[in-house]
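The values are calculated or read from the model by the stated rules, or taken from the named source; none is laboratory data. Just so it is clear, the model here is predicted, and its values are computed rather than measured. FYI the Cβ positions are ideal-geometry reconstructions off the backbone, even for glycines, and counts take in every protein chain you see.
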Amino acid sequence: MSQERGEWLERVRESMIETWRLVAQCTESGSAIEREGLIAAVVPLTPERSVSNSVIYTDAEVLIDSLDEIASAYDEAGIRAWTVWVPEDDDETARALERAGHVLDAEPRAMGMELERAERPEMGELDWSRGCDLEIVGRINDLAYGYGEDGLGPIISAMPPDLVETYCVKVDGETAAVMMTIDFGDDTEIAWVATSEAARGRGLATALMRQSLWDARERGKSTATLQATKLGAGLYRRVGFEDFGALQMWERRR
């Protein structure tokens, strides 16, 4: 692993730890198991969604030593699916999770961007705004990703509005694309980018991304990081993000 790639992965994972700590703190009955180099977000509000019940680590030994404790905590909270995010070249941890009953579920990409590259966007005639209704942001995400009633809407709507920045754009008076940024240190984390199925292909999310990156630069942030699904990776590359490898999601489901 190159030094630059390793530094970016560390930055991505550090922002992830802060994001999931915030998710655990702001949701009903949520909690977090924390060790040096590890956090496990325990979010009973979404017991079927492993992405909200995530374990992020920077110390693999601490993770392996804590697995039984973490599994018991999720069981006691009634959570039926949780996941551990593993860098693609950490084969030893992946094998240990497999032996513990985890299954490779997805491989989002760890991506980052230097915000000095961000440029002021031309938003044209778009009907866009900041400070959007968090419930709508959650609803658009659940619709866009097919989550249905057991989706991520409850955790998105519970995010503290004073600690996040939301963006949305309307088409014919209806919200069509949404996203969120969360600042930690000199990084801004990009989260919950979604476009309704009927509005895809119009560049709406791309425009919101460009605006959010410019805003983060104006706030004095130096980088932006995210985890990209296959659906979103192309969008992020178009606005200037670089790919630093897969973050495998090793899921354990009852």
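Among all residues of the stretch 166-180, there is at least one that is touching a Leu at 6+ places or on another chain (Cβ under 6 Å), closer than 23 Å to R13 by Cα and surrounded by 14 or more Cβ atoms within 10 Å (Cβ to Cβ).
Being aromatic (F, W, Y) and either outside any strand (DSSP E or B) or surrounded by fewer than 19 Cβ atoms within 10 Å (Cβ to Cβ) (or both), is that true of even one residue in the stretch 52-68? No, the stretch 52-68 has no match at all. Tallying residues that are outside any loop (DSSP other than H, G, I, E, B) and surrounded by fewer than 16 Cβ atoms within 10 Å (Cβ to Cβ) within the stretch 87-104 yields 7. Among the strands (runs of 3 or more DSSP E) confined to the stretch 108-177, the ones with at least 1 residues that are in contact (Cβ under 8 Å) with a residue 60 or more places away in the chain are located at 109-114, 127-130. Evaluated against (1) among the hydrophobic types (A, V, I, L, M, F, W, C); (2) assigned to a helix (DSSP H, G or I); (3) more than 20 Å from D187 (Cα to Cα), I33 falls short on exactly one condition, (2).
Any idea which of (1) small (G, A, S); (2) within 17 Å of Y236 (Cα to Cα); (3) touching a Cys at 6+ places or on another chain (Cβ under 9 Å) is the one A191 doesn't satisfy? Result: A191 passes all but (3). For the stretch 226-246, taking the residues that are closer than 10 Å to M209 by Cβ and of a type outside the set (K, R), the one that is nearest to the chain's Cα centre (by Cα) is identified as L226.
Considering the stretch 210-240, and only residues there that are touching a Leu at 6+ places or on another chain (Cβ under 7 Å) and of a type in the set (A, V, I, L, M, F, W, C), the residue that is surrounded by the most Cβ atoms within 10 Å (Cβ to Cβ) turns out to be A224. In the stretch 1-50, the qualifying residues are those that are surrounded by fewer than 17 Cβ atoms within 10 Å (Cβ to Cβ) and of a type in the set (S, T, Y), and the one that is modelled with the highest pLDDT is S31. Kindly indicate whether A216 is within 21 Å of S129 (Cβ to Cβ) and in contact (Cβ under 8 Å) with a residue 60 or more places away in the chain. Judged against the criteria, A216 is a match.
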